[in-house]
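Visitor: I have a structure here, written as structure tokens, and I will follow up with some questions on it.
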Amino acid sequence: MKNILILGAGYGGLTTLKGLKKVIKSGDVKVTLVNKNSYHYDTVNLHEVSAGNIKSDDICIEIKDILEPNVDFVQDEVESIDVCKKVVYTSKKELKYDILVIGLGFESNTFGIEGMLDNSIAITDIVQAEKIANKIENNFKKYAESTEKDEKDISIVVGGTGLAGMEFLAELVTKRKELCKKYGIDEKLVKIVGLDAAPVLLPMFDKQYSNYARKYLENNGIGIILGAGIKGSTKDSFIIELNGERKELRASTLVWTAGVRGSKIMDDTFKELSRNGRLVTTQELTVPNNEDIYIVGDCAAFIKEGEKRPYPTTAQIANQMGAYVAKHITNRLEGRKNSKFEYIDRGVVCSLGSKNAIAQVFGKFKYKGFLAAKTKKVIEAKAINECTDIKTAIRNQRII
């Protein structure tokens with residue numbers, strides 16, 4: 001009996017687990033899932049929790065509710081991997097494996113910017129998202145109750161205007177209105193700014209759609225500053241360089257969305273192959289010269305033959321990786337040949353709150369507004385179905 005160990009209950013890990021259902025039921029394998037939390041959370045919705053517009057329970061699924069009866073679940077944190085002994089060490093256990101699937105997710109990458117790690121909060125998981133939401137509300141409450149009004153308490157600066165940053169900024173349009181009404185604050189006094197060192201906003205979209213997103217935010221009182229290199233952070237400011245001049249943007253809430261990396265465990269385990277927590281896999285998503293270890297999700301840097309750059313890490317590629325790895329393992333166990341991994345890019349959607357978005361899907365359909373917002377929710381429900389089941393997807397969908 002083969003011992004299969006899956007590290008991480010993100011999109012890639014759970015989709016792998018779902019795809020192994022047939023061989024699990026046959027009794028030919030023993031499968032163990034390791035995850036530090038008791039739940040899976042929809043990473044693509046963390047910006048909504050971070051703004052305080054939804055509760056964390058709305059995007060969390062308890063792992064015990066979706067496991068097959070004969071799958072072992074270990075709620076623990078992975079500390080190290082010994083590829084020679086084929087053992088994974090958690091904080092409490094030693095877990096042996098014959099086949100290992102690594103889907104340990106992402107971590108924040110501050111690129112060594114001075115003070116960033118200590119003074120800003122990154123949107124990386126449920127705990128951090130809740131921390132941001134609480135900080136925003138507490139700062140607004142502090143401003144309302146203080147006799148000496150400090151405008152930095154109702155100021156928010158977001159470092160990064162990629163998908164995560166833009167979606168978070170758009171959520172703040174709704175949250176600002178709610179908090180100002182709750183605490184009797186004039187909305188015009190609230191300052192919210194998104195920064196990015198890049199000269200172009202949302203380059204994955206056609207310019208008219210990225211311009212639409214920018215105009216939507218700016219029309220709702222949110223500033224966008226491009227070409228602004230963040231040079232440092234204090235407890236209540238970002239230091240930026242813009243057009244050769246250094247400036248300080250003060251705010252009590254500093255949020256970092258400009259950089260992510262894979263798990264540090266990848267760099268510790270594969271010292272010569274992994275960089276920033278990501279490993280360039282083979283065309284079969286295995287570690288070079290080690291066909292018993294698969295990498296999925298944010299830890300995988302997959303470069304298609306003939307190309308030079310890896311695909312960006314997204315939920316859709318993580319799900320496709322998980323489905324492929326499950327099929328690859330099943331074929332190996334049953335003595336069948338495998339094809340190479342082929343990623344199908346179905347497009348991208350950037351939400352602008354609950355009722356607005358921009359979308360470019362299937363390479364040819366491009367649209368914006370309410371329909372694009374609903375498309376995002378359909379995609380999210382589809383992602384849940386791919387890594388769990390239809391009942392869970394229906395129960396957790398927020399399309400209606």
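Visitor: Restricting to region 146-162, what's the tally of residues that are within 20 Å of ALA129 (Cβ to Cβ) and either part of a loop (DSSP other than H, G, I, E, B) or out of contact with any helix residue (DSSP H, G or I) (no Cβ under 9 Å at 6 or more places or on another chain) (or both)?
Guide: Number of matching residues: 4.
Visitor: With respect to PHE205, is the statement that it is of a type outside the set (Val, Ile, Thr), within 30 Å of VAL361 (Cβ to Cβ) and in contact with a His (Cβ under 7 Å, 6 or more places away or on another chain) true?
Guide: no
Visitor: With respect to ALA133, is the statement that it is touching a residue at least 24 places away in the same chain (Cβ under 8 Å), surrounded by 17 or more Cβ atoms within 10 Å (Cβ to Cβ) and among the aliphatic types (A, V, I, L, M) true?
Guide: Yes: the conditions hold for ALA133.
Matching residues to (1) touching a Leu at 6+ places or on another chain (Cβ under 7 Å); (2) in a loop (DSSP other than H, G, I, E, B):
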residue: ILE317; (1), (2): no, no
residue: TYR324; (1), (2): yes, no
residue: LYS327; (1), (2): no, no
residue: GLY335; (1), (2): no, yes
residue: SER339; (1), (2): no, yes
residue: GLU342; (1), (2): no, yes
residue: VAL348; (1), (2): no, no
residue: GLY353; (1), (2): no, yes
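Visitor: Would you call SER26 farther than 27 Å from ASN331 by Cα and open to solvent by 10 Å² or more (accessible area, probe 1.4 Å)?
Guide: Considered against the rule, which asks whether it is farther than 27 Å from ASN331 by Cα and open to solvent by 10 Å² or more (accessible area, probe 1.4 Å), SER26 comes out as no.
Visitor: Being touching a strand residue (DSSP E or B) at 6+ places or on another chain (Cβ under 7 Å) and either within 30 Å of ASN219 (Cβ to Cβ) or part of a helix (DSSP H, G or I) (or both) is the requirement here; does LEU169 meet it?
Guide: yes
Visitor: Could you pull out every one of the helices (runs of 4 or more DSSP H) wholly within region 4-117 that has 3 or more residues that are modelled with pLDDT under 95?
Guide: In region 4-117, 21-26 are the helices (runs of 4 or more DSSP H) which contain 3 or more residues that are modelled with pLDDT under 95.
Visitor: Let me ask something else about it. How many of the residues making up region 257-273 are in a strand (DSSP E or B) and either open to solvent by less than 10 Å² (accessible area, probe 1.4 Å) or in contact with a Lys or Arg (Cβ under 8 Å, 6 or more places away or on another chain) (or both)?
Guide: 2
Visitor: Checking LYS152 against (1) touching an Asp or Glu at 6+ places or on another chain (Cβ under 7 Å); (2) free of Cβ contacts under 8 Å to residues at least 60 places away in the same chain; (3) not β-branched (Val, Ile, Thr): exactly one of these is not met. Which one?
Guide: So the condition that LYS152 fails would be (2).
Visitor: What number of residues within region 226-249 are without any contact (Cβ under 8 Å) to a residue 60 or more places away in the chain, surrounded by fewer than 16 Cβ atoms within 10 Å (Cβ to Cβ) and within 25 Å of the chain's Cα centre (by Cα)?
Guide: Going through region 226-249 one residue at a time, the tally reaches 2.
Visitor: Take ILE295 and decide whether it is closer than 20 Å to LYS21 by Cα and out of contact with any helix residue (DSSP H, G or I) (no Cβ under 7 Å at 6 or more places or on another chain).
Guide: yes
Visitor: Now for a different question. Select from region 361-397 the residues that are in contact (Cβ under 8 Å) with a residue 40 or more places away in the chain and touching a helix residue (DSSP H, G or I) at 6+ places or on another chain (Cβ under 7 Å) and list them in ascending order.
Guide: Those that are in contact (Cβ under 8 Å) with a residue 40 or more places away in the chain and touching a helix residue (DSSP H, G or I) at 6+ places or on another chain (Cβ under 7 Å): LYS366, LYS368, GLU380, ALA383, ILE384, GLU386, CYS387, THR388, THR392, ASN396.
Visitor: Going through region 192-206 one residue at a time, which ones are under 20 Å from the mean Cα position of the chain (by Cα) and open to solvent by 60 Å² or more (accessible area, probe 1.4 Å)?
Guide: Across region 192-206, the qualifying residues are PRO203, MET204.
Visitor: While we're looking at this one, here's another question. Does region 301-319 hold any residues that are touching a helix residue (DSSP H, G or I) at 6+ places or on another chain (Cβ under 6 Å) and touching a residue at least 40 places away in the same chain (Cβ under 8 Å), and which are they?
Guide: THR313, ALA315, ALA318, ASN319
Visitor: Take region 355-378 and flag every residue that is outside any strand (DSSP E or B), open to solvent by 80 Å² or more (accessible area, probe 1.4 Å) and out of contact with any Phe, Trp or Tyr (no Cβ under 6 Å at 6 or more places or on another chain).
Guide: PHE362, LYS364, PHE370, LEU371
Visitor: Sticking with this one: Filter region 310-331 for residues that are open to solvent by 70 Å² or more (accessible area, probe 1.4 Å) and modelled with pLDDT under 95 and give the result.
Guide: PRO312
Visitor: In region 183-217, which residues are assigned to a loop (DSSP other than H, G, I, E, B) and closer than 24 Å to ASN243 by Cα?
Guide: Hits for region 183-217 are ALA197, ALA198, PRO199, VAL200, LEU201, LEU202, PRO203.
Visitor: Which residues, taken from region 89-118, are buried (at least 17 other Cβ atoms within 10 Å of the Cβ), closer than 22 Å to GLY12 by Cβ and among the hydroxyl-bearing types (Ser, Thr, Tyr)?
Guide: Matches in region 89-118: THR90, TYR97, SER108.
Visitor: Here's something else I'd like to know. Within the bounds of region 183-191, is there any residue that is open to solvent by less than 40 Å² (accessible area, probe 1.4 Å), among the aliphatic types (A, V, I, L, M) and within 30 Å of TYR39 (Cβ to Cβ)?
Guide: No - not one qualifying residue is present in region 183-191.
The values are calculated or read from the model by the stated rules, or taken from the named source; none is laboratory data. Note that this is a predicted model, so its numbers are computed, not measured. Glycine also receives a Cβ, built like all others from the backbone with ideal geometry; neighbour counts cover every protein chain displayed. Just so you know, the surface numbers come from the protein's heavy atoms only, side chains and all, with ligands and any DNA or RNA stripped out. Shrake-Rupley method; radii C 1.70, N 1.55, O 1.52, S 1.80 Å.
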